[in-house]
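**Student:** One structure follows; several queries about it will come next.
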Amino acid sequence: MIVPFYNVQQYAPDTLRSLRLNADRDFEFILVDDHSKDETPAILERAAEELADVAQVRYIRHEQNGGLATARNTGLDAAQGEYLTFLDGDDWLAPGYLAELVSAMDDLGCDFVRTDHVQATARARSVHRVPVGRRWEAFDPREAILPAHRSTSVDYAYAWAGAYHRRLVDKGVLHFTHGLRTAEDRPWIWKLHREAESFAVVSLLGVFYRRGVASSLTQIGDVRQLDFIRAFDQVIEETAADRDADRLLPKAVRTYCAIIAHHLSHEDRFEPAVARRLRSMSAAAIKRMPQDALADALEAMDMDRSSKLRRLRRRVTTTGAAA
């Protein structure tokens, strides 16, 4: 299990306690500190010593902050196990969950499995399901990308909600795009579903995802949030080169448009200069999209979101005509 940490001294003890409650001599915990500036490194050093009594443990500290994608890649490069999974440094596991996950991988024999999870917001708990109806059977991951008009497995992009066979690392499928500060799971989940040969969805509830953490990038309106554009540009570019591009691109474009519209609807949470960059970068992204797929996506969206994107599209057209 690969667990990146960054400035989570308040939550790391709960995360580490849950690892101990899942420990086994055959399990490997790779703790990656992404150059935290609080007490997180000291907490991890102590925990690595204590966990070494019950599991294989490796503690790695970055000399500079690289972001979640880079920290996960560090863990992937260090991992030795047959199966790999992730956890974020402010989340936690139910006791015994990892043993159930390993058992599912053993039984199904597929490239990867996806699991449901519990979202924890303060004291509230809510269950979030993988948007796939077929359970406990292996099938082609490409079948779970579509349809374009519904939420599908590629929209459930949480890397920690599942487990992955080592052969995906060997094939170059499991690493994340270096340096992405947000939306790092999006190109990753699309590549996984395009290039892996088999997957399954299993009804396990063992990951508790802590929502609303103040230090999370989803709560911070600085320029790092705009990495979602680089992430989705990668999704579009790689999907356009796929053998099933005609079928898959409409889904990728529709999702990209929905994410842009979401950020535009919440641009008041961004710093003013970042909000301006959001609008200009979103307009440029719209210009880069396959225009036929974009037109279909705008037709299918609700009036409020499509209006926001159409205004950006007109801005691009007007600017181009004026030039």
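**Student:** Rounded if a/c is under 1.5, else prolate if a/b beats b/c, else oblate: with a ≥ b ≥ c from the C-alpha gyration tensor eigenvalues square-rooted, which is the stretch 22-85?
**Tutor:** It comes out oblate by the Cα gyration axes.
**Student:** For the chain, what proportion of DSSP beta bridges, expressed in % and rounded to the nearest 5, is antiparallel?
**Tutor:** 40
**Student:** Quote the convex hull volume per residue of the stretch 221-322, based on C-alpha atoms, as a whole number of Å³.
**Tutor:** Looking at the stretch 221-322, the number lands at 90 Å³ per residue.
**Student:** Here is a further query. Can you put S153, S307, S282 in order of Cβ neighbours within 10 angstrom, beginning with the fewest?
**Tutor:** Arranged by neighbour count, lowest to highest, S153, S307, S282 become S307, S153, S282.
**Student:** How fast does the stretch 87-206 diffuse by Stokes-Einstein, in µm²/s, taking the Kirkwood radius from C-alpha pairs at 10 °C and 1.306 mPa s?
**Tutor:** Value of D from the Cα-based Kirkwood radius: 106 µm²/s.
**Student:** Which Cα, out of A161, L278, L31, lies furthest along the positive dipole direction of the chain (beta carbon charges, K/R +1, D/E -1)?
**Tutor:** L278
**Student:** Any idea which of S126, F86, T255 is furthest toward the positive side of the dipole for the chain, if Lys and Arg beta-carbons carry +1 and Asp and Glu beta-carbons -1?
**Tutor:** Most positive-ward Cα: T255.
**Student:** For the stretch 1-127, compute Rg over Rh where Rg is the Cα radius of gyration and Rh is the Kirkwood radius from the inverse mean 1/r over Cα pairs.
**Tutor:** 0.95
**Student:** May I ask you to derive the relative contact order of the stretch 221-322, considering only C-alpha pairs under 8 Å and at least 6 residues apart, and to give it as an integer percent?
**Tutor:** 33
**Student:** Check which residues have an amide H placed less than 5 Å from F176's amide H, if you skip close sequence neighbours.
**Tutor:** So F176 has HN proximity to N73.
**Student:** Follow-up question, since we're still on this one. Would you list H128, H266 from fewest to most Cβ contacts within 10 Å?
**Tutor:** H266, H128
**Student:** State, as an integer percentage, the relative contact order of the chain based on alpha-carbon contacts under 8 Å between residues 6 or more apart.
**Tutor:** Normalised by residue count, the contact order of the chain is 17 percent.
**Student:** Once the convex hull of the alpha carbons of the chain is built, what does its volume come to per residue, in cubic angstrom?
**Tutor:** 139
**Student:** Modelling each spin label as a point 7 Å along the Cα-to-Cβ direction, I'd like the R123/N65 distance in nm, to one decimal.
**Tutor:** 3.2
Readers should treat all values here as calculations from the given coordinates under stated rules, not as data from a laboratory. Predicted model, so just to flag it, every value in this text is computed and none were measured. Neighbour counts run over all protein chains shown; Cβ positions are idealised from the backbone, glycine included.
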